[in-house]
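What follows is a single structure, written as structure tokens, with notes after it.
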Amino acid sequence: MHILLVEDEAKVSRFIKKGLAAEGYEVDTAADGKIGEQKARSGDFDLILLDVLLPIKDGFEVLRALRSDGVRTPILMLTARSAAEDIVQGLDHGAEDYLTKPFAFNELLARIRSILRREGRSPTIHRLADLQLNTLTRKATRSGTVIDLTAREFSLLEYLMRNSRTLVTRQQLSKEVWGFNFDPGTNIIDVYINHLRKKIDQGSEKKLIHTERGKGYYISEKDLARGSTK
Ligand code: CA
């Protein structure tokens, strides 16, 4: 997910960029309306965060120019003015949503997710404890450190994460991850689980991948069988 942030206050811009990057978004910035518009025209963004009060060209002018030229990238307006008039103006000119400054960062994230979902651009980020999986960039991180996974390992982890805290059987995994309609009867799944466990859990205090002997596997911050937190 690639976001363009057009914001002239350096401090605010840095804060938003850092927070979004931690959520797995790739963020490009522009500090005035003119550069913001130029970057937005490259069409390389899934979403634009557009401040209203900007030097050179204000957010509304940028919004109008982009929309009248057929740039359809979803835009979330950031406005320090809470005047209803401004908001209506923004939405009238084709902004998807607006947020009044100051805002809580979680509120911004929720609005972004909601717009991307509506636009069918959902990044689908799975989280469990400090493990994060972005199914769009196909990147996994633990405590912010990127984990190098093969395509199959990623698919296996994705399936476990989608069903987190739930026991999944070998049959399920062979069908959903390998595409076999039967238990392959080999230890291939165990081998992959072991690889994954090494990459995900080794060196971490909290083990996430669990085995229920003879039944299957699950991913959870808790050992569900014994109820401990290890
Ligand atoms: Ca501003």
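The values are calculated or read from the model by the stated rules, or taken from the named source; none is laboratory data. None of the values given here were measured: they were computed from a predicted structure. Cβ sites come from the backbone with ideal geometry, for glycine too, and all protein chains shown count toward neighbours. What goes into the accessible areas is simple: the full protein's heavy atoms, side chains included, and nothing from ligands, DNA or RNA. Shrake-Rupley method; radii C 1.70, N 1.55, O 1.52, S 1.80 Å.
I'd like to check something: does segment 64-77 contain any residue that is touching a Leu at 6+ places or on another chain (Cβ under 6 Å), within 12 Å of D8 (Cβ to Cβ) and within 16 Å of the ligand (Cβ to nearest atom)? Within segment 64-77 (the criterion being touching a Leu at 6+ places or on another chain (Cβ under 6 Å), within 12 Å of D8 (Cβ to Cβ) and within 16 Å of the ligand (Cβ to nearest atom)), the answer is no, since none of the residues qualifies.
Quick check: is even one residue across segment 82-97 modelled with pLDDT under 90, more than 16 Å from the ligand (Cβ to nearest atom) and within 22 Å of the chain's Cα centre (by Cα)? So far as segment 82-97 goes, yes, one or more of its residues are modelled with pLDDT under 90, more than 16 Å from the ligand (Cβ to nearest atom) and within 22 Å of the chain's Cα centre (by Cα). When A30, A10, A21 are screened for being within 16 Å of the ligand (Cβ to nearest atom) and open to solvent by 20 Å² or more (accessible area, probe 1.4 Å), only A10 passes.
Can you name the residue in segment 33-44 that is open to solvent by less than 50 Å² (accessible area, probe 1.4 Å) and within 16 Å of the ligand (Cβ to nearest atom) and, of all such residues, is nearest to A80 (Cα to Cα)? Filtering segment 33-44 for residues that are open to solvent by less than 50 Å² (accessible area, probe 1.4 Å) and within 16 Å of the ligand (Cβ to nearest atom), the one nearest to A80 (Cα to Cα) comes out as G33. For first residues located in segment 1-30 and touching a residue at least 12 places away in the same chain (Cβ under 8 Å) and charged (D, E, K, R), partners that are surrounded by fewer than 18 Cβ atoms within 10 Å (Cβ to Cβ) and assigned to a strand (DSSP E or B) and lie 6+ apart or on another chain with Cβ distances below 8 Å form the pairs E26/H2; D28/H2. Considering the conditions (1) open to solvent by less than 50 Å² (accessible area, probe 1.4 Å); (2) more than 30 Å from V146 (Cβ to Cβ); (3) among the hydrophobic types (A, V, I, L, M, F, W, C); (4) at pLDDT 95 or above, I16 is excluded by exactly one of them, (2). With G59, G19 as the choices, which residue is small (G, A, S) and under 21 Å from the mean Cα position of the chain (by Cα)? So the residue among G59, G19 that is small (G, A, S) and under 21 Å from the mean Cα position of the chain (by Cα) is G19. Among the residues of segment 187-205, those that are part of a loop (DSSP other than H, G, I, E, B) and open to solvent by 80 Å² or more (accessible area, probe 1.4 Å) comprise N187, Q202, G203, E205. Taking segment 45-59 as the range and being within 13 Å of T29 (Cβ to Cβ) and more than 9 Å from the ligand (Cβ to nearest atom) as the test, the residues that pass are F45, I48, L49, L50. The set of residues in segment 57-81 that are in contact with a Phe, Trp or Tyr (Cβ under 8 Å, 6 or more places away or on another chain) and modelled with pLDDT of 90 or more comprises T73, L76, M77, L78.
Quick one: in segment 107-153, which of the residues that are among the hydroxyl-bearing types (S, T, Y) and more than 13 Å from the chain's Cα centre (by Cα) is farthest from S220 (Cα to Cα)? Going through the qualifying residues, I end up with T150. G90 passes every criterion in (1) surrounded by fewer than 18 Cβ atoms within 10 Å (Cβ to Cβ); (2) closer than 26 Å to R41 by Cβ apart from (1).
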